[in-house]
Each structure stands twice: as C-alpha cells, then as structure tokens.
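Data block below; observations after.
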C-alpha cells in the first residue's frame, strides 16, 4: 500500500513537474490511499482527483483556496465538517459513493461556495433523507447540476416556498411578486389630452354622493349605498405559519397536509 507522499512524487515525476508552484492539476485516483498529507505546498492547485481511494477524512486542503474542481467520490468519507468551507472558488465537487450523514452539517460546508454549479452527493446516506433534493437546491442557490440532473426553475420555486417562507410572504404583498418598472406612461406613452376645467359648482356636486342622490335621509345611508356599489377585490394566500419546518418533517413519521388557503375580500 503506497503512502500519499510516494503517490504524489510519482505523479509529479510522471508529468515532469519539478516546482510545486507549477502544479495546477494533481491526479491521485485509485491509489488505495487511506490518508492524505496536507497539500499546502501546492498553493496554485486548481484541480484535484483523489477519487477511488479509502479516505475517511478530507482535511488535507487547508490553504488550497484556488481549487475549482475537487473529485472525492468512491471513498469512505463519513464527515467533511470543517474540511471544505475555505474552498470558495469551487465550481465542481463530486462526493458520491461515500458514507456522508447529517444533511444539515454537510450543507453548512457549502454556504460560502457562491460559484459551485455542479455537485454530486448521490449514493450517500444523506441522499435518502426526506426532501433531500429540494433542501440542497435551497442551500446552494448557484447549483445548475445536482446528482447529474439539471436543476429546474420549478424546483427552485418549490424550494423557496418551503424554506424561505418569510421572503415569499413579502413578495406576495409587494405587487404580487413583481417589481414595479415605473409609471405606466413610461412604457405606454400616449398623446396629451386636452383638459377641461369644471365649474366650481359642477365639481362640488360631482364629488358629493349625497348631493347627487338627494333621496337619502342621512349621510350614513348614502355612504353604505355607495360602498355596496363598489367592485369586489379578492386576495388569496397560503397560511405557511401552520406548516411545520423541514427539520420537524424530516424527523417525524407523521404525514403532514398542504398549507391552508386564506381568502380575503375587499371593496
């Protein structure tokens, strides 16, 4: 069984690399490695293949901040806490066929990886947790490919409605989720209309419902009649407050129903 030091030296000799700062790619796949020395000597390393070994920890990348591709699949990793958070330049990460557990802890390693677009986690115990795919999509918004399947817009929308309920409520209240683009005349210009000034007596009568309808006995009756003639506005929303959090749903065997719809009517 070769040590990681020997495997690294063999890989460098095979490619004819003599200086550590010239190493941008390192191939250590299928070497039957049980552990790996810290790769801090390769500060300009961008791509690393360490898949197909027997690694149990991934704590050998302490200063390799320039890594963009990391392949650690087909190992025996059970915990990556505190091992990958510093790799904020990663765009591709493969961790499938390992023994990773506790989905929440695994996702915390990715919360600073704003460029991560391709991630593989299948064939791990965490992939069997309820709503695993939606939880990962919400935790890593930059993903475009998860477990070799494209992340769709509908999946993003569903994950936001489940895990970001407060933000969705705000969107529902502000222009039904759309941002105003300015006054209508900015996008639909029209020819200026001629204005006609009303005589003072006509304007006063036109804006006074009681004077236009002298048959009412008192102002309250006139107000109630006018209110009933206005059009109705109906507004419906989901009551997410009674829906349990995803952690509770994941740990409970009880089947939860859909959120209740609340309808409000305005005149």
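Just give me the residues in the stretch 126-149 being in a helix (DSSP H, G or I) and touching a helix residue (DSSP H, G or I) at 6+ places or on another chain (Cβ under 9 Å), in sequence order.
126, 127, 132, 133, 134, 135, 136, 137, 138, 139
Would you be able to say whether some residue in the stretch 95-110 is over 25 Å from the mean Cα position of the chain (by Cα), within 20 Å of residue 26 (Cβ to Cβ) and either in the same structural domain as residue 145 (by TED's automatic domain parsing) or surrounded by 17 or more Cβ atoms within 10 Å (Cβ to Cβ) (or both)?
no
The values are calculated or read from the model by the stated rules, or taken from the named source; none is laboratory data. These numbers were taken from a predicted model, which means no experiment stands behind them. Virtual Cβ from ideal backbone geometry, glycine too; neighbours counted across all protein chains shown.
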